[in-house]
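The values are calculated or read from the model by the stated rules, or taken from the named source; none is laboratory data. Predicted, not measured: the structure shown is a model, and the values here were computed from it. Here Cβ is always computed from backbone atoms with ideal geometry, including for glycine, and neighbour counts include all displayed protein chains.
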Amino acid sequence: MCGLVGAAGEARAADSARAEMAVAQLAERGPDDRGMWAEKAAVLAHCRLSILDLSAAGHQPMLSPDQRYVLVYNGEIYNFRELRDELGGQWRSDSDSEVILAGYARWGRAFLSRLRGMFALGIWDRHERKLFLARDRLGVKPLYYALHRGELIFASRPRALFAYQPELPKKLDLEGLALYLEAGYFPAPHTLYSTVRKLPAGHWLEYHAGKTTLGRYWSALDIAPEASWRERPEQELLEELEALLTRSVRARLVSDVPLGAFLSGGIDSSVVVALMAKLASGPVKTFTIGFREPHYDESRHAEAVARALGTEHHQETLSVDDLLGLVPSFHEHFDEPFFDSSAFPALAVSRLARREVKVALGGDGGDELFGGYHYYSLLQRMAPAFRLPQALRAGAAEAISLAPSHKARLLGATLREAQPMQAFRFMRSIAKDYGSILRPQAACGAGLDRVFAETLRHMPDNLDPVERAMRLDLAHILPEEYLQKTDLSSMAYSLEAREPLLDHELVEWSMRLPLSWKLRGGGGKYLLRQLAYRLVPRAIVERPKQGFTVPIDRWLRGPLREWARERLAAPRLYETFPLERDRVLSLLDLHLSGRRDTHPLLWAILMLAPFA
């Protein structure tokens, strides 16, 4: 992993001193080496976390042999040796960076379709004076950019953009803010600021002669399920799944530094670690965070998997105070408001892993690909309800909505909807009434409805609503919340996180897999679960899904009570953001009194406060 920053434009000379300040903002992403290259029209800077070819031959920015192309790049290309053989010629290093340069020189932007891995990259063409940016297919690695006074600036994090160009206005993206308050994340290209854009996953961008061109080079959304696969033997599909996953894990074990894995004890990470154990020459190092509160603790499940697979297991048990200690400085690791409270344990487990290894494999993506989230099954079970008369559903919804819990109110709102996709929007919303806390001038249209509608246009017409929901998650919440959490949490401790479940060949295969192989018997991940039975003891697999949950609702009524009051009463919050102070404080009173659970929206606002 690395950090990158650069700028290109004809309007003014590129500024090396500012690039040096900008890349310093990314130091934790690459503490091993730092480099910069500049000419009048462009500057590129890079900080390196050395994983492959630890020698100076892997130094970036890297120039092509003919000096035409200059590269800065963050990520790993797992098939770089195969591409090197295909390209032929003489090589100066054993790094994937050199292969990227040669591939771009040979094939142009079409080389992206040949890459297998995770990446964010910038290439400056000195002959055509053209800047080329790209982000990997699934959005594992982040890439932000801004256009200011004839100069395009790009970086791994927004803070580096503002460090390079202090005059870049921090003007709010009102639509992005509304989407964040509704969904809990910023769908690409939105960020907190209208002046900063996020390159969507699977896209490239060219900047030439003052003009930007954006294009998509990959999407799994339009791949239709194979109807004939419904009748295929289960054993045959299991063999294919295991082969694809094994190939993916094997590719991600290539490293010149110590390597391990995050292990929660759930199906996804257990399957990954089991395959690692099969392929590795010695015990796999695994890492888990436990909690002293039994209701939130998964560590015993992780320990059971570790014992069964013979891993070298490392565990740290946290108290409430340990996690609370991360709250005040949380925003230092995240350049935008970040709603997902599981980032706290993610930071803690990354800190633990970095004491032993420099690379860790994770289990992100299993839920989106194989139907693991509970609301997929809920949406499937609710299908008959959508055929009932609207009046009957409205009555049931009204009764359910009287319950004080946040989930009950969302379920009630879901029942009122006429179509499954509208219902899914409510399932994916952190707050149905987010609009009530925004001032009238901040009203921003259709919100998630617009985002989802645009994404649905790229899907086959005959998809089941549950399959549509899974693809919406793959396109939005996976890259912009979950993968962002993993990237920033791991990079905070200079740790590279790799995602074997998100190999694009496996993703494409899962899109072809019919829903009946994913949801079965009222639960999800049917086929992946059958594979887990092969690899780890069945008793370990057969347990309720838990996840990295943090009791924010109780914390706000307890140890975070005064901290929340102070933040939500601060005048600067309302001077910066178009929020109705009285309504926000009313939500706080409702929650503290126990009359209504409003913690999701409150937490989203609290995560805004450090940016005021």
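Overview of results
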item: Flag if A243 is assigned to a helix (DSSP H, G or I) and surrounded by fewer than 22 Cβ atoms within 10 Å (Cβ to Cβ); result: yes
item: All positions within segment 491-515 that are out of contact with any Phe, Trp or Tyr (no Cβ under 8 Å at 6 or more places or on another chain) and either over 19 Å from R247 (Cα atoms) or not assigned by TED's automatic domain parsing to the domain that holds P233 (or both); result: M491, A492, Y493, S494, L495, E496, L515
item: Matching helices (runs of 4 or more DSSP H) fully within segment 300-374 where at least 2 residues are touching a Gly at 6+ places or on another chain (Cβ under 9 Å) and buried (at least 23 other Cβ atoms within 10 Å of the Cβ); result: 366-370
item: Number of the exception - G445 against (1) at pLDDT 85 or above; (2) over 30 Å from R114 (Cα atoms); (3) assigned to a loop (DSSP other than H, G, I, E, B); result: (1)
item: Residue within segment 271-283 that is in contact (Cβ under 8 Å) with a residue 12 or more places away in the chain, surrounded by fewer than 22 Cβ atoms within 10 Å (Cβ to Cβ), under 30 Å from F80 (Cα atoms) and in contact with a Lys or Arg (Cβ under 7 Å, 6 or more places away or on another chain) present; result: yes
item: Qualifying residue in segment 269-284 (condition: in a helix (DSSP H, G or I), under 30 Å from D96 (Cα atoms) and basic (K, R)); result: yes
item: Leading residue by the ranking (surrounded by the most Cβ atoms within 10 Å (Cβ to Cβ)) among those in segment 1-35 that are closer than 17 Å to L152 by Cα and in contact with an Asp or Glu (Cβ under 8 Å, 6 or more places away or on another chain); result: A7
item: Hits in segment 45-72 - residues which are acidic (D, E) and buried (at least 22 other Cβ atoms within 10 Å of the Cβ); result: none
item: Condition met for R232 (farther than 23 Å from D449 by Cα, surrounded by fewer than 18 Cβ atoms within 10 Å (Cβ to Cβ) and at pLDDT 95 or above); result: yes
item: Residues of segment 134-153 that turn out to be more than 27 Å from R247 (Cβ to Cβ), of a type in the set (A, V, I, L, M) and surrounded by 24 or more Cβ atoms within 10 Å (Cβ to Cβ), as a count; result: 1
item: The lone exception for F119 - which of (1) assigned to a strand (DSSP E or B); (2) out of contact with any Asp or Glu (no Cβ under 9 Å at 6 or more places or on another chain); (3) surrounded by fewer than 24 Cβ atoms within 10 Å (Cβ to Cβ) it fails; result: (2)
